[in-house]
Every structure is written in structure tokens, then in C-alpha cells.
Amino acid sequence: MKASDVLVKALENEGVKYIFGIPGEENLDFLESLRHSDIQMINVRHETVAGYMAATVGRLTGKAGVCLSTLGPGAANLMPAAAYGTLGGWPLILITGQKAVKSNPQGRFQFIETDDMMQAVTKWTKTVYGADNIAWMTRNAFKIAEDERPGAVHLELPEDIAKEELEPHFIKPTHPKIPLANDTCLGHLAEEVLKAKRPLICVASGCNRRRTSVAVTRFICDTGLPFISTQLGKGVIDERLPGFIGNVSMTDKMIVTRAVDAADLIIMIGHDDFEKPPFRMRPGGPTVAHINYSDAIVDPEYYPHVEVVGNISDIMERLTPKIAGKKNAWDFSFFGKVKRTLDKTIMAWDHVEEFPMSAPKIVREVRKVLPEDGIVCLDNGIYKIWFARNYQACHSNSLLLDNALATMGAGLASAMAAKIVHPKRKVLCVCGDGGFMMHCQDLETAVRLKLDLVILIVRDDAFGMIKWKQANMGLPTYNLDFGNPDFVLFAEAFGAVGHRIHSAEQFAGTLAEALDSGGVHLIDCPVDYSQNSELLNRHYRDIASRLDLPED
């Protein structure tokens, strides 16, 4: 059997359904092997998009997504996606081609040391120097990519190795058991929770990697403990539960962080140091308990006092009976006050009809139109803060945002992958005009794949997030404005349906029509960011400061 056939069979052995990418002449043998496989090769228009899509498959399924590129420039274009997966904790496999390693007549044409380049953004990177290594290297690649902490793994297949003949041998995939937490540590944590006066749970990204939401939800419901979430932990637990206070969309001095200030014990479930810290620890602050698959990584912002390490689902299941129904001294009245105050500021935008629409109004209308299990895929921009803060997530992975690499340009790719994984669910991509234009060419991919997908562009004709930061620093606006194409004509040129919003009253109906009509729809919606600084930097912080902390 040819080596490229062995690699494809090894991928089938791992349950791979899709490979996203752009092939080149150095992996034509691999492409020919794929032609005889049930694995679907999905061509995209940029390698980075392929990587983002593969990472999103990993994020949604827990099984590593796979992407493909040629050597040199193609491999270099996978770098952002490798970082996206590794920082986000999403498993993916990057396969790149390479020139012949045993006899190469082309010198160093298009050659870069891809292994060296990938070292910085992957968990493991290897070149296949012999066909007999393919089976074990593929199994190891998936194991490393999917094991805690998940991330990107890179395999390089030179074109001469791909042609070699060998007798195949495949390794059956295994699912290693995650170590269980120590009973003594669990008992210590239970004691801390029961003696605390205002314990507070913070649900973070690690809760979403092993389908732990059921166990964490049961723990919250049975104990009655209140909870907040980080941006990457958003939606792990149904936010309609009465104990939910809010999302830590910004690190400090906001309304929800007053709950953090008041807590005397914070139970961090699934905290990941690659995510922006949800709060800053300080001397004399609350006790912090760390529950995760791995030990805490101590830094100036995070140095927990109690650690319980092991399978999060098992920890929550064993911890629940140690706390539920037991005598305690809890007082959650201040947390309720924080929740009511936060909800009041969110609902304040229900009847605002100014145009262009504000970001909070857009978020409110999207939530009203989208079904409970609909999926919102965010690119990166200032609107991400508003969605994290104001959007009510009812199901796991129903709001996909990136608060690790936090790259622009990934929104459309993640939405396409989400629709492929969940074809029966409504999927909405929300992009700024800056982020959308970074990979807008893959609108053709969405149309070619006949995806039912809606892309909402919140357009301000500028890099709005940076303009907001510039204003926060007291600096004049400089070099952040740009022009845009006519997005309706742009969509139509690709075979999509274009819509333009002319009034606030029109928005909900247009969005609902697009979601129900099928096919690819693009909505150009002007947004008014003029109140960002006033609301996020002053108004909400003033409200938060008036929430006097309880006296012990």
C-alpha cells in the first residue's frame, strides 16, 4: 500500500469525516488517496480559514479536526490557526506537504523549516521521514491533540515519503482515563464551601472541553450556589438558571465583578491561564479554589489557595453530596442585588429605536430572533464584549467566541464549521467589517457548500475596538478609519443574498427572514459605537461603585 493511502486509512481509523484545506503539488499523492476515501475534502480559499474550521470542529466535538496545506506559504498560512487551537484549547491536526527529503532536485525553492516554525504554536510537530512511521505518528498526533490540555499538532509529509510502498499496520484509538481527584482534597474543598459566607462559582473554558456541563449544572442546582462565567465559559451552563449572575466580559470595575469583590470564596472550575483573567487576585482577597484537569499555573493574577485536580465531571459528582443539603452560613442577598442591577442595565435597551443601532440593541434583537439552540459565532471586535455581557446563552457552545488568541477573521470560518457539524441548527455569524474583510473570500466556500448560514456585519467603517481603546487612553482618533465595499453587491457577486438595514424596526424581521430562507445571507447593519466609552468606562462602573459591599 502506498504511504499516502496509509495516512488516509489512519485518519479514517481516527473517525475523521472532513479535511479542510488547499492542496498543492507536494501533496497530490495524498489528494489522490483521499479521492478513494469516505473522508470529505473541503477546499477553502485560504489556509488559515481551513485551520479555523478544523479547530472549530475540535471545539464542538472534542475530536481533533483536520486541515491540509502544501509546503512553504501554505504551511505558513496555517500558523494563526495553530495558535488559535492551541491557545483556545481546541484539538486539531495540521498536515502539510514538503519537498522530497531523500532526493530533491529543486534546491530550497519554496522551502522553509516548517517543523521549527510550528514549534511555537503546537503541542507536537514532526516530519514523517519514513512510511513505516505513519501509523504510530498519526495515532500519537490525535492523542496529543485531544489529551488535556487540547491543542494543535502538526505532521509534515514529504512528497517522496508519500509515494513509498509498505505493509500497513494500524493502531486502534484509545481513550485514556483522566485521573481522579484525591478524596482528601475534595473533603478540604467541601469544608471551605460550607464555612464560607458568600461562596461564588466561576465557570471557565475547561468546563466545555469534556462535556462537563451536565455535572456542573447538577452541582449548581443541587447546592444552590450562585455562579458567573468567563467569556470562554459562557453558555456551558444554562444562563436561565436562577443562580446565574452574569458574564465577566471585562476584568474589573464592572457590575458583575462586584459579586467577585463580595465573595469570600471563589470556586474556579476549568480556569485556563490562556484566557484573559476574569478577576485579579489580591492580598487579603477571597479564598480561591481551583478545580481543573491539571494543576494551576501560578502567576501574579492567579495563585489559588485550594486545588482539586482531576476529571472535572467526577469532581463535581463527588463534591455535590458533600455540600448539598448540609448546614451552612451562606448569604446570597448581595449577589441577588448585583443580578437585578445588571439585568436592569441590559433591559434598558429594549425600546431604544435610534439608528444606526447600538451594539446592546443589536444583541437584544439577535437573542429575540434566534431559537434557544441557535449558534452565534463571533469574530473579534468591541461587539464581543456586548454579546458576552448581554446575550443569554441557553445551551453549551451556542455562543462561540475566542478570548484566548482573540484573532480577527475567524468568525466566518467558525460559523461554516458549526453549520457542518450541526446542519439542523440555525447558525449566525457576527463580524465587524474589519474582521469580515480579512477572510471575506471564503464567502464563496459557504455558497459552494450550499450552507444555510447568515452573516451579520456590524459596520462602523473603522477598527472599532482599537478606536475605543485609543479614546480610553485620552488619545485622538488616528489611522483607524477605512472604506468598505457595498456589502450587498459583494454578497450577490458571490451568489449569496444581500440585505441592508435602514432602520432599527427593520432589523428583527430581516434577520428572521434570512434565517428561515435557506442559503447564504449577508446583512449589512450600521452600528453606533459612540456610547461605548460612556457606558463601559464610566456609566456601568459608576453603577458598580454604588453597590456597597456587604459588611461581615
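The values are calculated or read from the model by the stated rules, or taken from the named source; none is laboratory data. From a predicted model like this one, the values you see are computed outputs, not experimental measurements. Cβ coordinates were reconstructed from backbone atoms using ideal geometry, including for glycine residues, and neighbour counts include every protein chain displayed.
Tell me yes or no: at least one residue of the range 296-315 is more than 30 Å from D183 (Cβ to Cβ), β-branched (V, I, T) and surrounded by fewer than 20 Cβ atoms within 10 Å (Cβ to Cβ).
no
I need every pair where a residue in the range 143-155 that is within 8 Å of A82 (Cα to Cα) and outside the structural domain of I95 (by TED's automatic domain parsing) has its Cβ under 8 Å from the Cβ of a residue that is of a type in the set (A, V, I, L, M) and surrounded by 24 or more Cβ atoms within 10 Å (Cβ to Cβ), sequence separation at least 6 or different chains.
Qualifying pairs under 8 Å: none.
Please verify whether I201 is modelled with pLDDT of 90 or more, assigned to a strand (DSSP E or B) and out of contact with any helix residue (DSSP H, G or I) (no Cβ under 6 Å at 6 or more places or on another chain), treating the condition exactly as stated. Show your work before the answer.
Details: modelled with pLDDT of 90 or more: yes; assigned to a strand (DSSP E or B): yes; out of contact with any helix residue (DSSP H, G or I) (no Cβ under 6 Å at 6 or more places or on another chain): yes.
Answer is yes for this residue.
Scanning the range 141-178 for residues that are of a type in the set (K, R) and either crowded, with 16+ Cβ neighbours inside 10 Å or farther than 23 Å from Q98 by Cα (or both), which turns out modelled with the highest pLDDT?
Step one: filter the range 141-178 for residues of a type in the set (K, R), giving 143, 149, 163, 172, 177.
Within this subset, residues satisfying the condition of being either crowded, with 16+ Cβ neighbours inside 10 Å or farther than 23 Å from Q98 by Cα (or both) are 143, 149, 172, 177.
On the way: K143: 96, R149: 91, K172: 85, K177: 77.
The selected residue is K143.
Looking at the range 361-386, which of its residues are out of contact with any Pro (no Cβ under 7 Å at 6 or more places or on another chain), farther than 20 Å from Y84 by Cα and of a type outside the set (D, E, K, R)?
I362, V363, V366, V369, L370, P371, G374
Quick check on my filter: what residues within the range 11-41 are more than 26 Å from F111 (Cβ to Cβ) and either in the same structural domain as D442 (by TED's automatic domain parsing) or touching a residue at least 60 places away in the same chain (Cβ under 8 Å) (or both)?
N13, E14, G15, Y18
Of all the helices (runs of 4 or more DSSP H) wholly in the range 457-552, which have at least 3 residues that are on the phi > 0 side of the Ramachandran plot, among the aromatic types (F, W, Y) and in the same structural domain as A415 (by TED's automatic domain parsing)? Break it down stepwise before answering.
Working: elements: 464-472, 487-493, 504-517, 540-545.
Of the helices (runs of 4 or more DSSP H) lying wholly inside the range 457-552, none has at least 3 residues that are on the phi > 0 side of the Ramachandran plot, among the aromatic types (F, W, Y) and in the same structural domain as A415 (by TED's automatic domain parsing).
Show the residue pairs meeting these rules: Cβ distance below 6 Å; 6+ apart or different chains; first residue within the range 164-186 and under 30 Å from G130 (Cα atoms); second residue among the acidic types (D, E) and at pLDDT 85 or above.
Close Cβ pairs (under 6 Å, with a partner that is among the acidic types (D, E) and at pLDDT 85 or above) amount to L166/D132; P173/E14.
For T445, work out the one condition from (1) crowded, with 24+ Cβ neighbours inside 10 Å; (2) touching a strand residue (DSSP E or B) at 6+ places or on another chain (Cβ under 6 Å); (3) not charged (D, E, K, R) it doesn't fulfil.
If we test T445 against (1) crowded, with 24+ Cβ neighbours inside 10 Å; (2) touching a strand residue (DSSP E or B) at 6+ places or on another chain (Cβ under 6 Å); (3) not charged (D, E, K, R), just (2) comes out false.
State which residue is farthest from S503 (Cα to Cα) when the search covers only the range 316-358 and only residues that are assigned to a helix (DSSP H, G or I) and of a type in the set (F, W, Y).
F334
Residues L232, L241: which one is crowded, with 19+ Cβ neighbours inside 10 Å, part of a loop (DSSP other than H, G, I, E, B) and either assigned by TED's automatic domain parsing to the domain that holds E317 or in contact with a Leu (Cβ under 8 Å, 6 or more places away or on another chain) (or both)?
The match here is L232.
The conditions are (1) out of contact with any His (no Cβ under 7 Å at 6 or more places or on another chain); (2) within 25 Å of K17 (Cα to Cα), and L412 fails exactly one of them. Which is it?
(1)
Of all residues in the range 442-456, which are farther than 23 Å from P526 by Cβ and either assigned to a strand (DSSP E or B) or more than 22 Å from the chain's Cα centre (by Cα) (or both)?
E444, V447, R448, L449, K450
What's the number of the condition K102 fails, among (1) touching an Asp or Glu at 6+ places or on another chain (Cβ under 9 Å); (2) surrounded by 17 or more Cβ atoms within 10 Å (Cβ to Cβ)?
Condition (2) is where K102 drops out.
One line per residue, one yes/no per condition, for (1) closer than 30 Å to Q506 by Cβ; (2) over 28 Å from the mean Cα position of the chain (by Cα); (3) not assigned by TED's automatic domain parsing to the domain that holds L405:
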{"position": "P278", "(1), (2), (3)": "no, no, yes"}
{"position": "P283", "(1), (2), (3)": "no, yes, yes"}
{"position": "H290", "(1), (2), (3)": "no, no, yes"}
{"position": "A296", "(1), (2), (3)": "no, no, yes"}
{"position": "Y302", "(1), (2), (3)": "no, no, yes"}
{"position": "V306", "(1), (2), (3)": "no, no, yes"}
{"position": "M316", "(1), (2), (3)": "no, no, yes"}
{"position": "A324", "(1), (2), (3)": "no, yes, yes"}
{"position": "E353", "(1), (2), (3)": "yes, yes, no"}
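Within the range 495-547, can you find the residues that are acidic (D, E) and modelled with pLDDT under 90? Steps first, please.
First, the residues of the range 495-547 that are acidic (D, E): 505, 513, 516, 524, 528, 534, 542.
Scanning the range 495-547 gives a single hit, E534.
Please give the number of the condition K361 fails out of (1) more than 26 Å from T257 (Cα to Cα); (2) in contact (Cβ under 8 Å) with a residue 60 or more places away in the chain; (3) in a helix (DSSP H, G or I).
Exception for K361: condition (1).
Considering only residues that are modelled with pLDDT of 95 or more and polar (S, T, N, Q), which ones fall in the range 317-348?
Matches in the range 317-348: T320, S333, T341.
Take the conditions at pLDDT 95 or above, in a helix (DSSP H, G or I) and under 23 Å from L412 (Cα atoms) and apply them to R367. Does it pass? If you could, list the steps in order and put the result at the bottom.
Values: at pLDDT 95 or above: yes; in a helix (DSSP H, G or I): yes; under 23 Å from L412 (Cα atoms): yes.
So R367 fits the description; yes.
If A120 satisfies all but one of (1) under 22 Å from the mean Cα position of the chain (by Cα); (2) within 12 Å of E156 (Cβ to Cβ); (3) surrounded by fewer than 16 Cβ atoms within 10 Å (Cβ to Cβ), what's the number of the condition it fails?
(2)
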